[in-house]
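Have a look at this one.
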Amino acid sequence: MNVSIIGTGYVGLTTGACLAFLGHKVTCVDADERKIQALEAGRVPFFEPHMEDLVADARCNLCFTTRYADAIPKADVVFIAVGTPPGPNGSPDLRYLEAAARGIGQNLADHFTVVVNKSTVPIGSGNWVGALVREAYEQAKGRKANGAFAVASNPEFLREGSAILDSLYPDRVVIGADEPRTSEVLYTLYRPILEQTFQAPAYQPRPDQLAAVPLISTDLASAELIKYAANAFLALKISYINEIGQVAEKVGADIRQIARGIGLDARIGPRFLQAGIGWGGSCFGKDTAALVATAAEYGVAAHIVKAAREVNRLQRERAVDKLLAELKILKGRTIGLLGLAFKPHTDDLREAPALDIARKLIERGARVKVHDPVAMERFRRENAELEVACCASAEDVAEDADAIMLVTEWPDYADLPWEKLGASMRSRILLDGRQLLDRERLTRAGFKYIGLPD
Ligand code: UDX
């Protein structure tokens, strides 16, 4: 099929590259000329494992442009995958979505085209996008848009750092549409994924025993709410284990064993029960805020989601408080942070706990040194105002530090030469913000190990 994708961020580019890999003809559109030039040259503008390989493998089916006129008229399916950054009151800022909808409407040809919301958008956006596309179409062509297009919702569940895995081998595909012919177009598009009939790329083999992927075919509003409900549930699962962590610390229980003990109950499941500093990233904060805002519009209080957000906020404070309790005075101390990205295997710093913690430490008069295996360059570019010392290695972070805080659980930090690091520190204090390290190993290396929870 002919597919066009508006927006070449994580979601847009991953969707485009995967569909092109499966054999569809894909045109990716982005307003940013530099991004398009980089992609033309085979360079991916963000760090994501194997994305450059996938783009190279799919190259013969992929093209990149800044012009809607090159992409929309020929498309059977147009995905909208633009950013919906958080607005001031918790509701997302929809101006890029609006511009995309108008651009699509102005450029639609006469054959039936399915316009798909892939960005996470507030409930009801399907109807709103439909109205915008129709209005732009009618203005451009001077006639009614009857039957020229239909809007669908196809929420994206990929995680940064495992975007290709999540896209080629998803747990489910959700399609929301109000007419059967719209769902049928998307069914045909996703068939190779639903039936797992494609040849897996060498760098991303098919998980064992994956024979088929379930399809949820539903109405627009349900598909939109599935996305919010899924992200909010994952976010509250993390906040739940962090709240239990506080109780565990008080009663002297071991949170890692508790997470194992409850996670093996199939009704609960083992994932997203890793206690620590809590969630960051572009989705959980934004989507939980948007869900609370939508609920409020309809007079629903969303107590549970609000509480999950509050627990998450407090975890970052708790991390700094623990250092304060240990060092007594933070003024004039040097604190080393290991990890800046909001999670491992990405260079994304949006809502990263490390940034918040660095600011809190600086406010209290501490000097802060930082290191990240891949996010340093992006950090310097995007956070030049933060007065921290950028280090080339974990060893540099440790030198003359009064304490180290492990903020992101990069595998690179799992087995550092702690004796050597400790020898260059002023005091051997380590706060493990991710339950990553072995308390006994650190204690043997002369460290005071502090867990979150401890
Ligand atoms: C998330 C959703 O998982 C994905 O389905 C959706 O499409 C987009 O939002 P992402 O933000 O890329 O994906 O990362 P994810 O792996 O979900 O991690 C989010 C945050 O939660 C990270 O900061 C991570 O460190 C934290 N986390 C995750 C925990 O603190 N504990 C856990 O057990 C799991």
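A short reminder: the numbers here are calculations on the coordinates, not readings from a lab. Note that the structure is predicted; figures quoted are calculated from it, not measured. Every residue, glycine as well, gets a Cβ built from its backbone with ideal geometry; the counts of neighbours run over all protein chains shown.
Using the 10 angstrom Cβ neighbour count as an exposure proxy, how do K227, K250 rank, fewest first?
K250, K227
For region 196-263, which chymotrypsin sites (Phe, Trp or Tyr not before Pro) pass both filters: DSSP loop (anything but H, G, I, E, B) and at most 15 other C-beta atoms within 10 Å? Numbers along the way, then the final one.
Numbers: sites: F198, Y203, Y228, F233, Y240; in loops: F198, Y203.
Loop-located and lightly packed - F198, Y203.
Assuming R0 = 51 Å, can you tell me the calculated FRET efficiency for the pair A266 and E138, based on Cβ-Cβ distance, to the nearest 0.05?
Step by step, r from the Cβ atoms, then E = 0.45.
Once a ≥ b ≥ c are taken as the square roots of the eigenvalues of the Cα gyration tensor of region 188-266, is the result rounded (a/c under 1.5), prolate (a/b larger than b/c) or oblate (a/b not larger than b/c)? Mind dumping the intermediate values first?
Details: a/c = 3.71, a/b = 1.77, b/c = 2.09.
Oblate, because a/c is 1.5 or more while a/b does not exceed b/c.
Another question, then. At what distance in angstrom do the alpha carbon centres of region 363-413 and region 283-330 lie from each other?
Taking the Cα centre of each part, region 363-413 and region 283-330 sit 24 Å apart.
Roughly how far apart, in whole Å, are the Cα centres of region 182-205 and region 335-356?
33 Å
Once amide H atoms are placed 1.01 Å from N in the peptide plane, what residues at a sequence separation of 5 or more from F149, or on another chain, have their amide H within under 5 Å of its amide H?
T113
On full extension of the chain, what length is gained from E317 through R256, given 0.36 nm per residue of separation minus the C-alpha to C-alpha distance?
Fully extending the segment from E317 to R256 adds 19.8 nm.
Once the principal axes of the Cα atoms of region 37-157 are found, what is the range along each, listed largest first in whole angstroms?
Over region 37-157, Cα extents along the principal axes are 43, 38, 22 Å.
Shape verdict for the chain, please, from the Cα gyration tensor: rounded (a/c under 1.5), prolate (a/b greater than b/c) or oblate.
Values: a/c = 2.01, a/b = 1.85, b/c = 1.08.
Prolate, since a/c reaches 1.5 and a/b exceeds b/c.
What FRET efficiency comes out for E363 versus C390 if R0 is 22 angstrom and r is the Cβ-Cβ distance? Round to the nearest 0.05.
With a Förster radius of 22 Å, E is 0.65.
Let me ask something additional. Based on DSSP H runs of at least 4 residues, each adding -39500 (n - 2.57), what is the mean residue ellipticity at 222 nm of the chain after dividing by all its residues, to the nearest 500 deg cm²/dmol?
Values: 17 runs with 198 residues, N = 454.
Per the formula, -13500 deg cm²/dmol.
Here's another thing I want to ask about it. Apply the Debye scattering formula to region 127-220, with a single equal point scatterer on each alpha-carbon and no solvent, then give log10 I(q)/I(0) at q = 0.13, 0.17 Å⁻¹.
Calculated log10 I(q)/I(0) at the listed q: -0.57, -0.81.
For labels at A131 and R381 in the simple 7 Å Cα→Cβ model, what's the distance in nm?
So the two model labels end up 3.8 nm from each other.
Taking a cut-off of 24 Å between Cα atoms, list the lysines near K141, but don't count ones fewer than 8 places away on the same chain.
The qualifying lysines are K74.
Let me ask something additional. Listing S119, S427 from the residue with the fewest other Cβ atoms within 10 Å to the one with the most, what is the order?
Exposure proxy ranking, most exposed first: S427, S119.
Mind checking which lysines have their C-alpha under 17 Å from K343, skipping anything on the same chain fewer than 8 residues away?
K237, K286
Under the rule a/c < 1.5 gives rounded, and otherwise a/b versus b/c splits prolate from oblate, where does region 306-454 land using the Cα gyration tensor?
rounded
Check each of the GluC sites (Glu not before Pro) in region 355-454 and keep only those in coil by DSSP with at most 11 other C-beta atoms within 10 angstrom; list them in order.
Of the GluC sites (Glu not before Pro), the ones in loops of region 355-454 whose Cβ has at most 11 other Cβ atoms within 10 Å are E385, E387.
Please find the FRET efficiency linking C60 to T188, where r is the Cβ-Cβ separation and R0 is fixed at 25 Å, and quote it to the nearest 0.05.
Result of the calculation: an efficiency of 0.75.
Amide H of C28 versus every other amide H placed in the peptide plane: which residues, excluding those fewer than 5 positions away on the same chain, fall under 5 Å?
The answer is I5, C63, F64, T65.
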